[in-house]
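The values are calculated or read from the model by the stated rules, or taken from the named source; none is laboratory data. All values reported here derive from a predicted model rather than from experimental measurement. Using ideal geometry, Cβ is built from the backbone for each residue, glycine included, and neighbour counts are taken over all protein chains shown. Accessible surface areas use protein heavy atoms only, side chains included; no ligands, DNA or RNA. Shrake-Rupley method; radii C 1.70, N 1.55, O 1.52, S 1.80 Å.
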Amino acid sequence: MPTTKIYRATITSGNGGTITWTECEGYTSPPQLLNSIYTSIDFEAQVGLYTAPAGVTVTVVGDGSSNCLDAGNYYVVATTTTTSLPPVTYNLAYSCVSGYGRITLTSFAGGAGSQYQATTQAYQNESDAYFGTFADATAPVVYSGLVDGKKWVAVRDKNNPTICTTKYYDIACGGTTYTAPATTTSTTLAVVSTTTYAPPVTTTTAAPTTTTTTTTTAAPTTTTTTTTTTTTAAPNTFNVTNNGSGNYVINGSSNPTLSITEGQTYTFNINAVGHPFWIKTVSSIGTGNAYSSGVTNNGTDNGTITFVVPYDAPSTLYYNCQLHSGMAGTINVTDVPTTTTTTTTTTTTTTTTTASPTATLYVYAKDVGVGQLVLYAGVNGAAGTTIYDESVDGSIGNICGLIYTFFGTLSVGDTVMFSTNTNCVMAGDDSNVCPSSTGSSTTFTTAMMVAGQNYVALGMDSSLFP
């Protein structure tokens with residue numbers, strides 16, 4: 001049996017961070033969070049097999065178990081406070097808009113009571129929110145376009161950043177119930193995922209379909225050779241559970257080899273709490289080597305992963321548990337299938353038909369003004385139509401967020417011009433990062449659409465007119 005010790009990790013400088021260790025059984029524990037409120041944690045680990053961030057001191061405080069039968073997941077969180085300022089408080093409101101969640105933060109208080117910062121996006125777990133990207137903020141702060149699942153946000157005192165409060169909503173815009181907001185009271189996270197939050201992908205995008213007919217005429221007979229190449233995108237579903245820590249069970253099979261096809265969309269229904277499911281380029285535990293192209297919600301242990309397989313995907317990918325090396329398998333990616341048919345006829349015809357591939361456009365926006373905007377969009381120079389009305393859909397807010405998505409209505413080469421009802425200042429960028437609302441422009445036109453996913457971000461000031 002391996003030798004184990006009881007260790008104590010304590011913040012001695014800085015803002016803390018996450019700490020992991022190797023348990024008696026050889027498993028890697030989920031990361032545990034140390035911050036300004038919870039400054040010390042006791043844990044049992046194999047001798048010397050732990051990782052701790054800079055500014056955290058680890059000491060031995062006792063011997064661990066003599067066997068591995070009752071070891072593992074041993075820790076005690078000490079609630080030592082390091083500041084006399086009151087905690088930051090705020091209210092959360094939750095609603096569904098066009099099938100996606102919207103979280104609104106109001107009534108900032110606590111800390112030094114003057115200046116606050118909020119996370120620039122909603123995160124999928126608490127530690128990512130606590131150590132996330134912050135920006136100066138005044139209430140209200142709005143996060144839009146949120147897919148179903150638990151979403152964490154945080155507000156902190158600008159001048160005392162360790163005084164930070166995290167909260168979450170369990171978004172359920174496709175259902176009828178949701179979990180009320182809860183202020184974090186413990187840093188013991190059952191599973192910590194480092195999945196990057198990305199725009200939702202909810203539709204199937206088919207690859208181009210090309211049909212070519214070639215006719216050759218020779219006296220005294222006519223021969224026609226027809227070659228047809230067809231790509232069909234059909235949804236496929238993998239139901240994923242776990243057999244303890246030994247293996248994944250996918251559609252009834254243990255760690256099977258999966259086969260997928262370029263251009264198709266696949267749904268992985270994950271029900272394996274404590275065993276985060278990752279799609280990767282290299283078979284490995286941890287969160288490294290994650291494959292992100294076309295993948296939404298990679299790394300969940302209880303939810304849905306959607307995979308729109310790109311046409312340039314590697315021929316071999318892998319699935320792995322974040323924590324257990326025995327829970328893994330191979331994903332074979334195949335090219336688009338082709339079918340060739342030869343017939344004879346007396347008709348001489350030459351026809352080539354190419355279907356334009358569709359393009360999806362995600363629209364991000366923020367409004368730092370106080371006016372009430374109506375946002376218009378016009379395709380290829382056409383008159384603009386309404387895509388967002390603040391009097392109906394609510395305030396866009398001063399935090400950049402997803403407000404609208406063009407699904408199946410744009411083709412490769414199209415451009416989209418955005419304008420407002422008030423002709424206020426507007427700046428734009430072909431990305432998902434909203435620029436500052438400066439300059440003298442009142443419209444923005446995108447670059448030409450490409451096949452697959454496209455992005456545009458608008459920075460507006462409804463109180464400023466050039």
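Taking every protein chain into account, the 1.4 Å probe leaves residue 292 with about 90 Å² of accessible area, to the nearest ten. Legend: residues 150, 366, sorted from most to least accessible area (1.4 Å probe; ligands, DNA and RNA excluded), read 150, 366. Of the peptides 127-140, 157-170, the ranking by mean beta-carbon count within 10 Å, highest at the top, reads 157-170, 127-140. Each part gets one Cα centre, and for the range 103-119 versus the range 443-463 those centres are 30 Å apart.
Computed with a 1.4 Å probe over protein heavy atoms only, the accessible area of residue 449 comes to about 10 Å². Figure note: 8, 156 ranked by solvent-accessible area, largest first, 1.4 Å probe, ligands and nucleic acids not counted: 8, 156.
Using the Cβ atoms and a cut-off under 11 Å, what net charge is assigned to the surroundings of residue 447, where Lys and Arg are +1 and Asp and Glu are -1? Taking every other residue near residue 447 into account, the sum is -3.
Within the same chain, lysines fewer than 8 places from residue 167 are excluded, and of the rest, those with a Cα less than 29 Å from its Cα are 150, 151, 158, 366.
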